[in-house]
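Working notes for the structure below.
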Amino acid sequence: MDEGHRRHIYEGEPDEDLIDALEPDQLDDAMNAPLPRRRLGPWARAGLWALRVFVLGVTALVAYAFVVSIVRGG
Amino acid sequence: MTDRGLTKARPAPLSGEDRVRSADRLRVLDARREGSRWRLLWLLIGPGILVMLGENDGPSMISYATSGATYGIGFFLPFILVTFLAAMVVQEMAMRVGAVTHRGYGELIFRRYGAFWGWLSSGDLLLTNILTLVTEFIAIRVGMGFFGVPAPIAVVLGVGLVAVSVSGGRYWRWERAALILGAFNLLFLVAAIMVHPHVLALGRAFATWQPLPGGNLQTMLLLLVSDIGATVTPWMIFFQQSAVVDKGMTPRDLPQGRLDVLIGGIAAAITGCGALIAAAVLFDHHVSIATLQAGAGFATALEKVSGFPVAAVFSLGLIEAGALAALTISASTGYAVGESISGGHSFNRRIKDAPLFYALIVGATALAGAVVLIPRAPLLAIALNANLFATALLPAGLVFLLLMANDRELMGSRANGRLANLASIAVIVGVAVAATAYAVVASVTAMTGGG
């Protein structure tokens, strides 16, 4: 590929060259296409419920510590 | 992609975002065709280095410096290296998922795991990002304050930098500007060299992890978790996966993506250790950490012990650390919210094509800057709790990243192997234990009125 040709396509034309530079599912339109929900087994669902409990518990502790430190004039 | 089963027919018209991204991709294809390995690497590095140096932000560098000033050169020096190894495991997965799926982390959570986790993740990120951005402005203010720059000017300069950086209408320009700024993270290495550390002590610390930290268990635990929180955080996952998508990386770019993460991790580990080593001189001179006011007094203390040049370099480093993190963390905010509401979320779009994305980036930054200027604002509480929030909620973020990286419907043959899963699970367990310990210690301290 000579320098002149390279510069020409970098400037944005022709569209065929540009479109070939992207994978089909990299195009704006394809990236906005919906994805199906993932099906999870019972163990994975139980794990995610445990994760919810963990996240909410830890968040409560952290939020409490944060509020106390602000009230004390942190 | 042929192994994901999710391809669809190519639409004929190219959007403006496609046009900009494909022009950048043509350069990559040309470099690959010409066999120009260095040029290919140059074109493809960016997200990994930025995410690692971006996480060497104001509070992180202060955390490393506090470790050095409290315990000297010893256990925490090799510990920082281990935390960066953990960060590299996580960020390699984020890079790989982004390059293979062409979807950001927030979007994948929403679409594959539902609205509860989607909103929880992006809501958590928004909160912790704004808190962290406040700490970045504290760092910028402290750094500039050393040179006599008033706080309002420091804040205006910080917000102005973010606003200018997003005005290029192209991911490539934003990334390169941020990389140039990131190079100045090496100032912490310069500061470390300037204090003439004992080479034998450095070698002994890396070889034996000695001396171990002693004294107050709570202080040691808080620094331990703070250093973990200084290296692996939720915004890093959001940012790198989205940046990889915005850059247009594909599965063919995975080797360069991994090198990008490796280079970033090594550079960030070196500069993180640099901050610790530079501040360890305060330990050697028995300067009490209690006098350093959560980092604000480091430069002044270093000036008394090592002279103005070291203090000036350290202050410049703090300014850079805060400024680069303001760029990357505000970008991760724009990406996360844009992905959550399916709005435009790309630096390859013009401002009028993605107004919310750009407004969020500049707005979150301006809000954080304004908080720093509020008289008697609880800045110390925010600075101490920003990392705490991020670390506490990190395990959930890591679990979903692991689920995505093992999702064969999305990842096909690029899904995690056994080794990657073992390393990731070890990181998740380590972070969860540390986060729980940190949360319990902080809340007990709050209940008992300590701390």
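The values are calculated or read from the model by the stated rules, or taken from the named source; none is laboratory data. Model, not experiment: these values are computed from the prediction. We place every Cβ from the backbone using ideal geometry, glycine too, and count neighbours over all the protein chains shown.
Quick one: in segment B:88-143, of everything that is among the charged types (D, E, K, R) and assigned to a helix (DSSP H, G or I), which residue is surrounded by the most Cβ atoms within 10 Å (Cβ to Cβ)? Before the answer, list the steps.
Quick first cut of segment B:88-143, residues among the charged types (D, E, K, R) only: B:92, B:96, B:103, B:107, B:111-112, B:124, B:136, B:141.
Filter once more, so that each one left must be assigned to a helix (DSSP H, G or I): B:92, B:96, B:107, B:111-112, B:124, B:136, B:141.
Working: B:Glu92: 23, B:Arg96: 25, B:Glu107: 26, B:Arg111: 19, B:Arg112: 23, B:Asp124: 21, B:Glu136: 30, B:Arg141: 27.
Selected residue: B:Glu136.
Within segment B:229-283, take every residue that is among the charged types (D, E, K, R) and surrounded by fewer than 24 Cβ atoms within 10 Å (Cβ to Cβ) and give me the one that is nearest to B:Thr391 (Cα to Cα).
Once the filter is applied, the top-ranked residue is B:Arg258.
In segment B:103-120, is there at least one residue being farther than 26 Å from B:Arg418 by Cβ, among the charged types (D, E, K, R) and at pLDDT 90 or above?
yes
From the list B:Ser330, B:Ser346, which one is in a helix (DSSP H, G or I) and of a type in the set (Gly, Ala, Ser)? Please lay out each step first, then the result.
Numbers: B:Ser346 fails: in a helix (DSSP H, G or I).
Of the residues listed, the single one that is in a helix (DSSP H, G or I) and of a type in the set (Gly, Ala, Ser) is B:Ser330.
Which count do you get for residues in segment B:386-423 that are among the aromatic types (Phe, Trp, Tyr) and surrounded by fewer than 23 Cβ atoms within 10 Å (Cβ to Cβ)?
Of the residues in that region, 1 qualify.
Residues checked against (1) closer than 27 Å to B:Glu107 by Cβ; (2) away from chain A (no Cβ under 14 Å); (3) at pLDDT 85 or above:
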residue: B:Asn348; (1), (2), (3): yes, no, yes
residue: B:Pro355; (1), (2), (3): yes, yes, yes
residue: B:Leu360; (1), (2), (3): yes, yes, yes
residue: B:Pro375; (1), (2), (3): no, no, yes
residue: B:Ala381; (1), (2), (3): no, no, no
residue: B:Ala392; (1), (2), (3): yes, no, no
residue: B:Met411; (1), (2), (3): yes, no, yes
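Taking segment A:16-39, which residues are under 20 Å from the mean Cα position of the chain (by Cα) and of a type in the set (A, V, I, L, M)?
The answer is A:Leu22, A:Leu27, A:Ala30, A:Met31, A:Ala33, A:Leu35.
Would you point out which residue out of B:Asn387, B:Asn421 is at pLDDT below 80, touching a helix residue (DSSP H, G or I) at 6+ places or on another chain (Cβ under 9 Å), in a helix (DSSP H, G or I) and more than 10 Å from every other protein chain (Cβ to nearest Cβ)? Break it down stepwise before answering.
Working: B:Asn421 fails: at pLDDT below 80.
After applying the criteria, what remains is B:Asn387.
Go over the candidates B:Leu85, B:Leu77, B:Leu81 one by one and state the one that is more than 14 Å from chain A (Cβ to nearest Cβ), out of contact with any helix residue (DSSP H, G or I) (no Cβ under 7 Å at 6 or more places or on another chain), part of a helix (DSSP H, G or I) and under 24 Å from B:Ile263 (Cα atoms).
Step by step, each of B:Leu85, B:Leu77, B:Leu81 is checked, and only B:Leu85 is more than 14 Å from chain A (Cβ to nearest Cβ), out of contact with any helix residue (DSSP H, G or I) (no Cβ under 7 Å at 6 or more places or on another chain), part of a helix (DSSP H, G or I) and under 24 Å from B:Ile263 (Cα atoms).
Looking at A:Val62, A:Val53, A:Val58, which one is farther than 28 Å from B:His345 by Cα, loosely packed, with under 11 Cβ neighbours inside 10 Å and either under 28 Å from the mean Cα position of the chain (by Cα) or at pLDDT below 75 (or both)?
None of the others qualify; the one that does is A:Val53.
From the residues in segment B:424-447 that are buried (at least 22 other Cβ atoms within 10 Å of the Cβ) and within 10 Å of chain A (Cβ to nearest Cβ), which one is nearest to B:Leu222 (Cα to Cα)?
It comes out as B:Tyr438.
Residues to consider are B:Ala205, B:Ala177, B:Ala163, B:Ala183; find the one that is surrounded by 22 or more Cβ atoms within 10 Å (Cβ to Cβ), hydrophobic (A, V, I, L, M, F, W, C) and at negative phi.
Testing whether each residue is surrounded by 22 or more Cβ atoms within 10 Å (Cβ to Cβ), hydrophobic (A, V, I, L, M, F, W, C) and at negative phi leaves just B:Ala205.
Is it the case, given these coordinates, that B:Ser315 is in a helix (DSSP H, G or I) and over 18 Å from the mean Cα position of the chain (by Cα)?
When the stated conditions are applied, B:Ser315 passes them.
Output the number of the condition that B:Ala299 fails; it satisfies all remaining conditions of (1) under 26 Å from B:Leu127 (Cα atoms); (2) in contact with a Ser or Thr (Cβ under 8 Å, 6 or more places away or on another chain).
Unmet condition: (1).
How do the pairs read when you match residues in segment B:101-118 that are farther than 18 Å from B:Gly334 by Cα and facing chain A (nearest Cβ under 7 Å) with residues anywhere that are among the basic types (Lys, Arg) and surrounded by fewer than 22 Cβ atoms within 10 Å (Cβ to Cβ), using Cβ under 6 Å and keeping only pairs 6 or more apart or on different chains?
The qualifying pairs are B:Arg112/A:Arg38.
Kindly indicate whether A:Ala30 is more than 8 Å from chain B (Cβ to nearest Cβ), touching a helix residue (DSSP H, G or I) at 6+ places or on another chain (Cβ under 9 Å), in a helix (DSSP H, G or I) and more than 17 Å from B:Gly397 (Cα to Cα). Full working, then the answer.
Values: more than 8 Å from chain B (Cβ to nearest Cβ): no; touching a helix residue (DSSP H, G or I) at 6+ places or on another chain (Cβ under 9 Å): yes; in a helix (DSSP H, G or I): yes; more than 17 Å from B:Gly397 (Cα to Cα): yes.
Judged against the criteria, A:Ala30 is not a match.
Kindly evaluate A:Val62 against the criterion of being at the interface with chain B (Cβ under 7 Å from one of its Cβ atoms) and β-branched (Val, Ile, Thr).
Working: at the interface with chain B (Cβ under 7 Å from one of its Cβ atoms): yes; β-branched (Val, Ile, Thr): yes.
Against the criterion (at the interface with chain B (Cβ under 7 Å from one of its Cβ atoms) and β-branched (Val, Ile, Thr)), A:Val62 qualifies.
Could we say that B:Arg21 is over 26 Å from the mean Cα position of the chain (by Cα), part of a helix (DSSP H, G or I) and within 14 Å of chain A (Cβ to nearest Cβ) here?
In short, no.
Within 30 Å of B:Gly118 (Cβ to Cβ) and buried (at least 16 other Cβ atoms within 10 Å of the Cβ): is that true of B:Pro213 in this structure?
No: the conditions fail for B:Pro213.
Between a first residue in segment A:58-72 that is free of Cβ contacts under 8 Å to residues at least 24 places away in the same chain and a second residue that is among the β-branched types (Val, Ile, Thr), which pairs have beta carbons less than 8 Å apart while being 6 or more apart in sequence or on different chains?
Going by the 8 Å Cβ cut-off, the qualifying pairs are A:Val58/B:Thr436; A:Leu61/B:Val440; A:Ala65/B:Thr445.
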